[in-house]
Amino acid sequence: TETVNKAYAQLAELDKKHFMHPTTSFKQQHEQGPKFIFTEGKGIYLKDIRGNTVIDGLSSLWNVNIGHGREELGKAAMEQMKKLAFSSTFATNSHERVIELAEKVANMTPGDLNMTFFTSGGSEANDTAFKTVRYYWQLKGQTQKKKIITRKKSYHGVSMGASSATGLPAFRTFPSLAPDFLYVESSIEALEALIQQEGAETIAAFVSEPVQGSGGVNPPPEGYFKKVRALCDQHDILFIADEVITGFGRTGATFGMEHYDAVPDILVIAKGITSGYAPLGGMVISEKLKNELIDLSDGVYMHGYTYSGHPMCCAVALENLRIIEEENLIENVRKMGAEFQKGFQWLADRHDVIGDTRGIGLLGAVEIMKDPETKTRFDEPVSVKVIEEALKHGLLGRSIIYEGQDTLAFAPPFCINKEEVATIISIIDQSLTTVL
Ligand code: PLP
């Protein structure tokens with residue numbers, strides 16, 4: 001253990017000295033250093049340099065969907081790298097893997113969503129969608145149609161456009177973010193009123209996650225997206241679904257919007273397309289949009305990332321999607337998701353401080369309140385302490401305290417079994433009992 005602790009201490013010092021962490025408190029990071037330095041993963045488990053094993057209860061960042069340690073993906077990456085590590089897809093260039101993956105995505109997505117633009121992640125994919133809808137209306141001669149409506153509590157990423165589209169105010173505390181984003185409450189009446197107030201002729205698109213993730217695991221109100229689809233059609237507003245978390249099986253359907261009977265004009269993907277084994281995202285557009293872009297545009301669409309359609313990332317995605325299909329992992333999400341949601345219900349019955357449980361498939365949250373009857377909150381959020389306690393019992397989860405919420409969020413890998421679900425629920429149960 002002494003050698004192990006020494007190895008940890010040395011790396012922790014270097015981490016503090018040289019590594020600027022994403023989404024972190026500079027002060028806390030500087031004072032405390034890294035809590036974990038992970039070294040390996042297998043299935044739903046992660047192991048760190050000091051030998052601690054924890055359940056990856058959020059699939060890391062809701063992305064390691066097939067679970068850790070699948071060597072097939074490493075093999076697919078290596079074979080592709082050996083054969084063709086990189087070639088451009090700009091202009092008229094292409095390569096085998098990107099074509100295969102674009103076809104695969106077209107086959108998996110609902111409706112006539114048939115053409116994909118690839119990026120390295122979700123933020124770039126959302127920015128691509130926002131630029132593309134504005135480009136589209138410009139081509140149609142409607143240059144004033146540029147506002148994008150987004151929902152409060154939404155999360156769409158951290159690039160300029162994606163931060164601006166994010167409805168959680170905590171992500172918008174920067175000066176001069178991108179203009180023309182409007183934030184709306186999650187009711188159809190509020191959306192309708194906003195469209196009336198602003199004028200449909202000024203609105204390019206509406207963007208939403210099927211189930212909000214980082215904003216607290218919030219499923220939509222009953223019938224919401226069907227009405228959104230109708231409103232968008234009525235007012236010539238494009239509908240963008242951000243399926244970065246929900247895409248490729250997380251909710252028990254291939255895409256989250258399938259639960260809500262709405263097909264968007266643009267579907268945004270990332271995370272689960274590679275289960276985090278390689279960085280990849282994208283924007284899938286409808287056949288109708290594609291044909292209009294072909295008809296209307298007469299120059300070059302000046303938008304492309306060096307790594308749009310990176311061959312190795314595409315090879316990893318293809319292997320990941322093959323595994324999801326061949327091992328019936330979405331079926332397992334439905335089965336284990338039912339156990340998981342039942343577990344949350346059981347917790348709600350046992351703990352007076354649970355005000356609400358929310359979720360779908362392997363995406364779930366527990367809302368903590370001092371007094372659920374009167375919806376009174378604790379003076380200080382307690383979910384942070386519950387998550388810390390759960391970690392002592394070997395479960396990694398997330399606390400969400402934006403917008404006065406006090407939420408425990410979990411989203412384990414699709415390969416989870418019944419015993420492992422029971423373990424997660426039991427650790428949450430113990431942790432709630434200990435802390436409250
Ligand atoms: N959209 C949603 C719904 C997300 O949950 C995320 C990341 O958590 C993003 C977009 C941003 O993706 P990325 O972090 O890959 O840029």
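Read-outs: derived from the displayed coordinates by stated rules, not from any lab. All values derive from a computational prediction rather than experimental measurement. Note that we place each Cβ from the backbone using ideal geometry, even for glycine, and neighbour counts take in every protein chain shown.
Counting other beta carbons within 10 Å of each residue's own, what order do Val384, Val4 fall into, fewest first?
Exposure proxy ranking, most exposed first: Val4, Val384.
Just want the ordering: His310, His156, His303, His393, from fewest to most Cβ atoms lying within 10 Å of their own Cβ. Walk me through the intermediate numbers first.
On the way: His310 26, His156 33, His303 12, His393 15.
Taking fewest neighbouring Cβ atoms as first place, the list is His303, His393, His310, His156.
What is the local net charge at Ala170, summed over the other residues whose Cβ is closer than 14 Å to its Cβ (Lys, Arg +1; Asp, Glu -1)? Spell out each step's value before the answer.
Details: positive: Lys152, Lys153, Arg172; negative: Glu403.
Charge balance in the 14 Å sphere: +2.
How big is the C-alpha Rg of segment 71-326 next to the rule-of-thumb value 2.2 N^0.38 Å, as a ratio?
0.98
Exposed loop sites here are GluC sites (Glu not before Pro) in DSSP loop states with at most 15 other C-beta atoms within 10 Å. What is the longest stretch of the chain lacking them?
1-184
Nearest 5 is fine: what % of DSSP beta bridges in segment 64-219 come out antiparallel, could you say?
Bridges in segment 64-219 that DSSP calls antiparallel: roughly 10 percent.
Can you give me the orientation-averaged projected area of the convex hull built on the Cα atoms of segment 228-329, in nm²?
Working: hull surface 31.5 nm².
Mean projected area of the Cα convex hull: 7.9 nm².
Can you tally the net charge around Arg322? Count Lys and Arg as +1, Asp and Glu as -1, for every other residue whose Cβ sits under 13 Å from the Cβ of Arg322.
-2
In which sequence would Met78, Met115 go, from the one with the fewest C-beta neighbours within 10 Å to the one with the most?
By the 10 Å Cβ count, ascending, the order reads Met78, Met115.
Could you work out the Kirkwood radius for segment 19-173, taking every pair of different alpha carbons, averaging 1/r and inverting it, reported in Å?
Averaging 1/r across every pair of different Cα atoms and inverting gives 19.6 Å.
Counting DSSP beta bridges with both partners in the chain, what percentage is antiparallel, nearest 5?
65
Cβ under 15 Å from Ile66's Cβ, Ile66 left aside: what net charge do those residues give with Lys, Arg +1 and Asp, Glu -1?
With Lys, Arg at +1 and Asp, Glu at -1, the neighbours total -3.
Whole-Hz Karplus ³J(HN,Hα) for segment 363-378, in order, using 6.51 cos²θ - 1.76 cosθ + 1.60 and θ = phi - 60°, x for Gly and Pro?
Whole-Hz 3J(HN,Hα) from phi for segment 363-378: 9, x, 9, 10, 9, 9, 9, 5, 9, x, 4, 9, 6, 7, 8, 5.
So how compact is the chain: Cα radius of gyration and Dmax in angstrom?
In order Rg, Dmax, the Cα atoms of the chain give 22.0, 69 Å.
Taking θ = phi - 60°, what integer Hz values does the Karplus form 6.51 cos²θ - 1.76 cosθ + 1.60 yield along segment 167-183, in sequence order, with x for Gly and Pro?
In residue order, the calculated couplings are x, 7, x, 4, 8, 10, 7, 9, x, 6, 6, 5, x, 6, 10, 10, 10 Hz.
Can you say what percent of the DSSP beta bridges in segment 71-326, counting only those with both residues inside, are antiparallel? Round to 5.
For segment 71-326, the DSSP antiparallel bridge percentage is about 40.
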